[in-house]
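Enquirer: Below you will find the structure I want to go over with you.
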Amino acid sequence: MRLARLPIPAAVAAVLLVVAAPPAVAAEPWEGGAVSTVGKLIWDAGGGRLGLCSGAVVDAPNGSVVATAAHCVRTREQPEPADEVWFVPGYDHDRDTWRDEAWRVASFHTPDAWDVTRDPAEILPHDYAFLTLAEKDGRTVQEAHGANRLAFEPVREGDEVAALGYPAAPPYDGESLRYCAGETDVLTAQEAQQPNRGGLLLQDCDMTAGSSGGPWLRDYDAGTESGTLVAVMSVGSGDGMVVGRPFPEAARELLATAGSREP
């Protein structure tokens, strides 16, 4: 089961989505090039390769939390996070200079239900995570770059949403922020099998590997370069459909842990 060219251990959306897939449409470049509260996750994947995902700063008491997808942190093939992971807010063609702008990830927080020893379809509804970043030069990432509000379920139907990320597999190169936009469509039993129910569907979107964990934002404010984060990029069909994973009520406790001021 290959899925969406998104490197997802739960590669199931193609067989579980039952809505008709339209032709894929290219994800558009973000006007202005980058968003200060949205960035790229980078780590050493071994063999001279870099691991890549996307994420977004979210408001937290400690000012140091990034939301992303759980499969960007733990997979069956790599059940523990990489030794060093970096978040680069506002990444924009920074292939050679990204370390200058990077913030080190100090701790990783995935739901207990994201048990990568289980069947991927069973854990897909829990594909969200929070990362706590170390401070840099005495400042938090939120102080330096701002933050998005985080919304928990239920997600309203019909709201305008933009899914942002850094797709890196062809035809993209991961060097610029891309987005797809549309109205929120919460998947029901008539539209999808159990693992994807409750997820948010966007059609006409060909996001590829690297966009995983990217924010789905509504009410974006260009002045603050932030909005309300309603989901993170989870899976895609490879032919024009992507699914975002919203945050259940149970995610509040996980966010509180990641955002605690206590060491």
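Enquirer: Out of segment 42-61, which residues are closer than 23 Å to Arg261 by Cα and open to solvent by less than 30 Å² (accessible area, probe 1.4 Å)?
Expert: Gly55, Ala56, Val57, Val58, Ala60
Enquirer: If you don't mind, another one. Name the residues in segment 224-263 that are within 18 Å of Gly39 (Cα to Cα) and open to solvent by 70 Å² or more (accessible area, probe 1.4 Å), would you?
Expert: Listed by number, the list holds a single entry, Thr224.
Enquirer: Would you check if there is a residue in segment 187-205 being modelled with pLDDT of 95 or more and not in a strand (DSSP E or B)?
Expert: Among the residues of segment 187-205, not one is modelled with pLDDT of 95 or more and not in a strand (DSSP E or B), which makes the answer no.
Enquirer: Do we have any residue at all in segment 89-103 that's farther than 17 Å from Trp43 by Cβ, touching a residue at least 24 places away in the same chain (Cβ under 8 Å) and surrounded by 15 or more Cβ atoms within 10 Å (Cβ to Cβ)?
Expert: Yes; the residues of segment 89-103 include at least one that is farther than 17 Å from Trp43 by Cβ, touching a residue at least 24 places away in the same chain (Cβ under 8 Å) and surrounded by 15 or more Cβ atoms within 10 Å (Cβ to Cβ).
Enquirer: Under the condition of being open to solvent by 20 Å² or more (accessible area, probe 1.4 Å) and on the phi > 0 side of the Ramachandran plot, which residue from segment 128-184 is modelled with the lowest pLDDT?
Expert: Among those that are open to solvent by 20 Å² or more (accessible area, probe 1.4 Å) and on the phi > 0 side of the Ramachandran plot, it is Gly158.
Enquirer: So, one more: Looking at Gly32, Gly55, Gly39, which one is farther than 17 Å from Gly214 by Cα and either modelled with pLDDT of 85 or more or outside any strand (DSSP E or B) (or both)?
Expert: Answer to the selection: Gly32.
Enquirer: Does Thr110 satisfy being surrounded by fewer than 21 Cβ atoms within 10 Å (Cβ to Cβ), under 25 Å from Glu84 (Cβ atoms) and among the hydroxyl-bearing types (Ser, Thr, Tyr)? Working first, answer last.
Expert: Working: surrounded by fewer than 21 Cβ atoms within 10 Å (Cβ to Cβ): no; under 25 Å from Glu84 (Cβ atoms): yes; among the hydroxyl-bearing types (Ser, Thr, Tyr): yes.
No: the conditions fail for Thr110.
Enquirer: In addition: Sort out which residues of segment 62-80 are more than 21 Å from Pro125 (Cβ to Cβ), open to solvent by 10 Å² or more (accessible area, probe 1.4 Å) and either in contact with a Ser or Thr (Cβ under 9 Å, 6 or more places away or on another chain) or not in a loop (DSSP other than H, G, I, E, B) (or both), and write them in order of number.
Expert: Selection gives Asn62 alone.
Enquirer: Just to verify a result, which residue in segment 114-164, among those that are in a helix (DSSP H, G or I) and among the aliphatic types (A, V, I, L, M), is farthest from Pro79 (Cα to Cα)?
Expert: The qualifying residue farthest from Pro79 (Cα to Cα) is Ala144.
Enquirer: Is it the case that some residue within segment 146-159 is free of Cβ contacts under 8 Å to residues at least 60 places away in the same chain and under 21 Å from Arg261 (Cα atoms)?
Expert: No, segment 146-159 has no match at all.
Enquirer: Can you find even one residue in segment 215-232 that is modelled with pLDDT under 90, in a loop (DSSP other than H, G, I, E, B) and over 16 Å from Pro89 (Cα atoms)?
Expert: Of all residues in segment 215-232, those modelled with pLDDT under 90 come to none.
No, there is no match, as no residue in segment 215-232 is modelled with pLDDT under 90, in a loop (DSSP other than H, G, I, E, B) and over 16 Å from Pro89 (Cα atoms).
The values are calculated or read from the model by the stated rules, or taken from the named source; none is laboratory data. Keep in mind the model is a prediction, meaning the values are calculated, not measured. Cβ atoms come from the backbone with ideal geometry, glycine included; neighbour counts cover every protein chain shown. Protein only, heavy atoms only, side chains kept; ligands, DNA and RNA dropped before computing areas. Shrake-Rupley method; radii C 1.70, N 1.55, O 1.52, S 1.80 Å.
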